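The values are calculated or read from the model by the stated rules, or taken from the named source; none is laboratory data. Since this is a predicted model, take the numbers as computed values, not measurements. Neighbour counts run over all protein chains shown; Cβ positions are idealised from the backbone, glycine included.
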Amino acid sequence: MNGPRCRKGFSLVEILISIILVGLSITALVIASNSFTQANAAGADISTAEFLVEQIRERTAMMSFAEVAAMSDPPYTPPIDAHGNPLTALATFSQQVVVAYVNRTDFSTTAVSPTDFVRVTVTVALNGRPISSASWIRARY
Amino acid sequence: MKRKHCLQNRAAGFTVVECLISLAICAMLMTAVAVAFNASLVNFRENEEMFQSINSARQALTRMTTQLRTADAVDPNVSATQCSFFTPASEDITYEFRAADKKLYLITNGNEYTLCDNVTDASFTRTLATNGEPKSVLISLTVQCGSSTRTLSAAAVVRRAL
């Protein structure tokens, strides 16, 4: 402390640093609590999507093989329940159903001509973004 | 020496005004931090409660649909807030929503178990096959926490009735 700088106290730089530190800690607190909300909402959305996949699965369980094989609807917006009624409370979700014939010797490959097995794929999207998907094989019985 | 000269001129330490100003600034900063912290705490509690409610609603729905799919006989003549059926092991199981308690109950063997709390609405919609037996049950559960509500719905086709 030589020279003319003899007044003690915090310099402007020190004050600025301390303000930045306090600001950073508050920002971190807000971001942490916000990310918890987002994680929670994402979990709830995914479980809703899983139930929407199940609705289609139950819907196809009630249909005949020919009806399932002929399914070629545009995405259901709002999504539908097992009886085809729209679920208006979940209007931000949509269900896309894709049905394809598969080879009887290899379910993983798509068949060109109709067989006794189809693969039903349901993709559930939230605001147009796919968040859950499931597929299963349906046989003619 | 300059330093000595300076100390002689001005007594070391803070003046009352400086102390008051720094205290005021400190208090303002602490208040801001406290408000932010309290808000995040409230947020955390609400999230926690919501998570618990949705989680138990999801488990209840999965449990009910799984049992209904393999059910032996579903009772077609109960109210929309009830679902009653026999499992393949001949257990008599009833799920009941009581709006007064805001709870979903599982009733079996004369005992009542709470499956889900904070339920504001629950309904079971049965569709009858041509022989009068329910062939499918649609379940809708609405849970509420604070100001936010969430509706989950699921369906189960009774495989024996197909």
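Give me the residue from the stretch A:115-135 that is closer than 17 Å to A:Ser72 by Cα and touching a helix residue (DSSP H, G or I) at 6+ places or on another chain (Cβ under 7 Å) and, out of that set, surrounded by the fewest Cβ atoms within 10 Å (Cβ to Cβ).
My answer is A:Ala134.
Mind checking whether some residue in the stretch B:86-107 is among the aromatic types (Phe, Trp, Tyr), over 14 Å from B:Leu61 (Cα atoms) and either within 10 Å of chain A (Cβ to nearest Cβ) or outside any loop (DSSP other than H, G, I, E, B) (or both)? Working first, answer last.
Here is the first cut: in the stretch B:86-107, the residues among the aromatic types (Phe, Trp, Tyr) are B:86, B:95, B:97, B:105.
Then drop every residue that is not over 14 Å from B:Leu61 (Cα atoms), which leaves B:86.
Of the ones still in play, those that are also either within 10 Å of chain A (Cβ to nearest Cβ) or outside any loop (DSSP other than H, G, I, E, B) (or both) are B:86.
Yes.
Evaluate the following for A:Glu54: is it touching a helix residue (DSSP H, G or I) at 6+ places or on another chain (Cβ under 8 Å), within 12 Å of chain B (Cβ to nearest Cβ) and surrounded by 15 or more Cβ atoms within 10 Å (Cβ to Cβ)? Please lay out each step first, then the result.
Values: touching a helix residue (DSSP H, G or I) at 6+ places or on another chain (Cβ under 8 Å): yes; within 12 Å of chain B (Cβ to nearest Cβ): yes; surrounded by 15 or more Cβ atoms within 10 Å (Cβ to Cβ): yes.
Taking the combined requirement at face value, the residue satisfies it.
Spot the failing condition for A:Arg138; the list is (1) closer than 26 Å to B:Ser140 by Cα; (2) not in a loop (DSSP other than H, G, I, E, B), and only one is missed.
The one condition A:Arg138 does not meet is (1).
When you scan the stretch B:66-85, how many residues do you find that are within 13 Å of chain A (Cβ to nearest Cβ) and either touching a Phe, Trp or Tyr at 6+ places or on another chain (Cβ under 9 Å) or among the aliphatic types (A, V, I, L, M) (or both)?
Matching residues across the stretch B:66-85 total 1.
Right, B:Leu115: touching a helix residue (DSSP H, G or I) at 6+ places or on another chain (Cβ under 6 Å) and over 30 Å from A:Tyr141 (Cα atoms) or not? Spell out the reasoning first.
Numbers: touching a helix residue (DSSP H, G or I) at 6+ places or on another chain (Cβ under 6 Å): yes; over 30 Å from A:Tyr141 (Cα atoms): yes.
Judged against the criteria, B:Leu115 is a match.
Only residues that are of a type in the set (A, V, I, L, M) and either surrounded by 12 or more Cβ atoms within 10 Å (Cβ to Cβ) or touching a residue at least 12 places away in the same chain (Cβ under 8 Å) (or both): list them for the stretch B:9-40, please. It would help to see each step written out before you state the result.
Quick first cut of the stretch B:9-40, residues of a type in the set (A, V, I, L, M) only: B:11-12, B:16-17, B:20-21, B:23-25, B:27-30, B:32-36, B:39.
The answer is B:Ile21, B:Ile25, B:Leu29, B:Ala32, B:Val33, B:Ala36, B:Ala39.
Since B:Thr70 meets every condition but one in (1) among the β-branched types (Val, Ile, Thr); (2) in contact with a strand residue (DSSP E or B) (Cβ under 8 Å, 6 or more places away or on another chain); (3) within 26 Å of A:Glu54 (Cα to Cα), which condition does it not meet?
If we test B:Thr70 against (1) among the β-branched types (Val, Ile, Thr); (2) in contact with a strand residue (DSSP E or B) (Cβ under 8 Å, 6 or more places away or on another chain); (3) within 26 Å of A:Glu54 (Cα to Cα), just (2) comes out false.
Take the residues in the stretch B:76-85 that are loosely packed, with under 15 Cβ neighbours inside 10 Å and touching a strand residue (DSSP E or B) at 6+ places or on another chain (Cβ under 8 Å), then tell me which one is nearest to B:Gly132 (Cα to Cα). Steps first, please.
Step one: list which residues in the stretch B:76-85 are loosely packed, with under 15 Cβ neighbours inside 10 Å, which gives B:76-77, B:79-80.
Those still in the list that are touching a strand residue (DSSP E or B) at 6+ places or on another chain (Cβ under 8 Å) too: B:76, B:80.
Values: B:Pro76: 8, B:Ala80: 17 Å.
Across the stretch B:76-85, the extreme among qualifying residues is B:Pro76.
Taking only the stretch B:108-139 into account, find how many residues are more than 15 Å from the chain's Cα centre (by Cα), touching a residue at least 60 places away in the same chain (Cβ under 8 Å) and part of a strand (DSSP E or B).
Pass one, the stretch B:108-139, residues more than 15 Å from the chain's Cα centre (by Cα): B:108-113, B:123-139.
Adding the requirement that they be touching a residue at least 60 places away in the same chain (Cβ under 8 Å) leaves B:133-134, B:137, B:139.
If we keep only those that are part of a strand (DSSP E or B) too, we end up with B:134, B:137, B:139.
Residues meeting the conditions: 3.
Among the residues of the stretch B:123-131, is there at least one that is modelled with pLDDT under 90 and small (Gly, Ala, Ser)?
Yes, there is a match, as at least one residue in the stretch B:123-131 is modelled with pLDDT under 90 and small (Gly, Ala, Ser).
Applying the selection to the stretch A:57-75, what residues are more than 8 Å from every other protein chain (Cβ to nearest Cβ), aliphatic (A, V, I, L, M) and closer than 21 Å to B:Thr70 by Cα? Outline the logic, then answer.
Let us first name the residues in the stretch A:57-75 that are more than 8 Å from every other protein chain (Cβ to nearest Cβ), namely A:57, A:60, A:63-75.
Of the ones still in play, those that are also aliphatic (A, V, I, L, M) are A:63, A:66, A:68-71.
Result: A:Met63, single match.
Looking at the stretch B:54-70, I want the residues that are touching a residue at least 12 places away in the same chain (Cβ under 8 Å) and have a partner that is among the basic types (Lys, Arg) with Cβ atoms under 6 Å, at least 6 apart or on another chain. Which pairs are those?
Going by the 6 Å Cβ cut-off, the qualifying pairs are B:Ile54/B:Arg150; B:Arg69/B:Arg159.
For the stretch B:140-162, give me each residue that is in a strand (DSSP E or B), more than 7 Å from chain A (Cβ to nearest Cβ) and surrounded by fewer than 22 Cβ atoms within 10 Å (Cβ to Cβ).
From the stretch B:140-162, those in a strand (DSSP E or B) are B:140-145, B:148-157; that's our starting set.
Those still in the list that are more than 7 Å from chain A (Cβ to nearest Cβ) too: B:140-145, B:148-149.
Those that are in a strand (DSSP E or B), more than 7 Å from chain A (Cβ to nearest Cβ) and surrounded by fewer than 22 Cβ atoms within 10 Å (Cβ to Cβ): B:Ser140, B:Thr142, B:Gln144, B:Cys145, B:Ser148, B:Thr149.
Pairs, please: C-beta under 7 Å, at least 6 apart or cross-chain, first residue facing chain B (nearest Cβ under 9 Å) and part of a helix (DSSP H, G or I) and in the stretch A:25-48, second surrounded by 12 or more Cβ atoms within 10 Å (Cβ to Cβ) and of a type in the set (Phe, Trp, Tyr)?
Between residues of the stretch A:25-48 that are facing chain B (nearest Cβ under 9 Å) and part of a helix (DSSP H, G or I) and residues that are surrounded by 12 or more Cβ atoms within 10 Å (Cβ to Cβ) and of a type in the set (Phe, Trp, Tyr), the close pairs are A:Leu29/B:Phe37; A:Ser33/B:Phe44; A:Phe36/B:Phe44; A:Asn40/B:Phe51; A:Thr48/A:Phe93.
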